[in-house]
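Novice: The structure is given below, and queries will be raised subsequently.
Just so you know, all these numbers are worked out from the coordinates, no wet-lab data involved. Treat the numbers as computed from the prediction; the structure is a model and nothing was measured. Here Cβ is always computed from backbone atoms with ideal geometry, including for glycine, and neighbour counts include all displayed protein chains.
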Amino acid sequence: MKKLGILAGVAGLALTAVLAATSAGSADDSKLEQLKAQGFARLAIANEPPYTAVAADGKVSGAAPDVAREIFKKLGVADVVASISEYGAMIPGLQAGRFDVVTAGLFMKPERCAAVAYSEPVLCDAEALLVKKGNPKGFKSYEDIAKDASATVGAPGGGTEEKLALNAGVPRDRVIVVPDGQSGLKMVQDGRIDAYSLPVLSINDLVKKANDPNLDVIAPVVGAPVYCDGAAFKKGDEALRDAYDVELAKMKKSGEFAKIIEPYGFSAAAAMSTTREKLCSAK
């Protein structure tokens, strides 16, 4: 009888585990159905062209939202709506359920991969520095900024560039958090910072629009890695992420992916040359 009781207890625990797994799977699978029912997916973006942009009329564009919009349409979700967020607030907002996905040039790194469920790579880029004409302080790297005791660099709060500068030894009080690209450009023009750092394509977009001959772009930043982003989903939404990946792979194979991102200056080949697994395990 005692043995039967033990077996019954083990069977009960196994049944509980199966029911729990089934429940989790059902919750996971239901996310796409929820988005279909509400008719849109909520995106977190940074308003950083050409990755993301919001026009005066509120229309969301940019390479990352354009890819997301097409994929969600293929999944039966009619549209996307976007909220502008600082990079440092994107993952907490996603985890808190304020967004359904982050599509904002949020580059894959091991610590981020541990916090969110990334899609396969979408957009890849290197780092750049915006400086005054002639690069008067001779910056080629973040280490060069660190070595100059009077030099300051601006970067998005919580973004890759802020971390790269700090890791290179630039003191916290000389890394200036800048809310957006236009502010960073203006701060360089006014001499309030010596350099402003963003991905190459973002810096080039700012300079093109500014049409200011008194600015130079230093790219790529020496020693800085090339990064790729992906659509970032909340942990627990892996079924939605997997469905997204299926459509993304189809678009890459058909050439539709290249037609969306390459007019913005991004390389489809770069995104197709690596994987989430490689990027998430990179040191």
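Novice: State the answer as a single residue: which of F107, M251, S281 lies farthest towards the positive end of the charge dipole of the chain, with beta carbon charges of +1 for Lys and Arg and -1 for Asp and Glu, about the Cα centre.
Specialist: S281
Novice: Percent relative contact order of the chain, based on C-alpha pairs within less than 8 angstrom and at least six residues apart?
Specialist: Normalised by residue count, the contact order of the chain is 27 percent.
Novice: Report, largest value first, the span of the C-alpha coordinates of the stretch 127-218 along each principal axis, in whole Å.
Specialist: Dimensions of the stretch 127-218 along the principal axes of its Cα atoms: 32, 26, 20 Å.
Novice: Let me ask another. For K147, which lysines qualify as cross-link partners when the Cα separation must be under 18 Å and same-chain residues fewer than eight apart are set aside?
Specialist: Cα-Cα hits under 18 Å: K137, K163.
Novice: For S85, S150, what ranking results if the residue with the fewest other Cβ atoms within 10 Å of its Cβ goes first? The partial results should precede the final answer.
Specialist: Numbers: S85 23, S150 7.
Result, fewest neighbours first: S150, S85.
Novice: So what's the gap between the Cα centers of the stretch 158-228 and the stretch 117-147, to the nearest angstrom?
Specialist: 6
Novice: Can you put V170, V81 in order, fewest other beta carbons within 10 Å first?
Specialist: Working: V170 23, V81 15.
Ranking V170, V81 by Cβ neighbours within 10 Å, fewest first, gives V81, V170.
Novice: I would also like to ask the following. Going by how many other Cβ atoms sit within 10 Å of their own, how do S202, S281, S267 line up, fewest first?
Specialist: S281, S267, S202
Novice: Answer rounded, prolate or oblate for the chain, using the Cα gyration tensor with square roots of eigenvalues a ≥ b ≥ c: rounded when a/c is under 1.5, else prolate when a/b is larger than b/c, else oblate.
Specialist: Prolate, since a/c reaches 1.5 and a/b exceeds b/c.
Novice: How far apart, in nm, are the 7 Å Cα→Cβ label points at E277 and A115?
Specialist: 2.6
Novice: Mind checking the full-extension length gain between A149 and Q182? Use 0.36 nm per residue of separation minus the Cα-Cα distance, one decimal, nm.
Specialist: Numbers: separation 33, 0.36 × 33 = 11.88 nm, distance 2.58 nm.
Extra length available between A149 and Q182 comes to 9.3 nm.
Novice: Set the Förster distance to 41 Å, then compute FRET efficiency between K133 and K36 from the Cβ-Cβ distance, nearest 0.05.
Specialist: Plugging the Cβ-Cβ distance into 1/(1 + (r/R0)^6) gives 0.20.
Novice: Got the relative contact order for the stretch 127-218 handy, in percent, Cα pairs under 8 Å and 6 or more residues apart?
Specialist: This gives 45 percent for the stretch 127-218.
Novice: Restricting to DSSP H runs of at least four residues, report the calculated mean residue ellipticity at 222 nm for the chain, -39500 (n - 2.57) per run over all residues, nearest 500 deg cm²/dmol. Mind dumping the intermediate values first?
Specialist: Numbers: 12 runs with 132 residues, N = 283.
My calculation for the chain gives -14000 deg cm²/dmol from helical runs alone.
Novice: Which whole-Hz ³J(HN,Hα) couplings does the stretch 174-181 yield from phi under the Karplus relation 6.51 cos²θ - 1.76 cosθ + 1.60, θ = phi - 60°, glycine and proline marked x?
Specialist: Taking θ as phi minus 60°, the curve returns 10, 9, 9, 6, 10, x, 7, x Hz for the stretch 174-181.
Novice: If the elastic network links every pair of Cα atoms under 10 Å, which of A268, A37, A115 fluctuates the most in the Gaussian network model of the chain?
Specialist: A37
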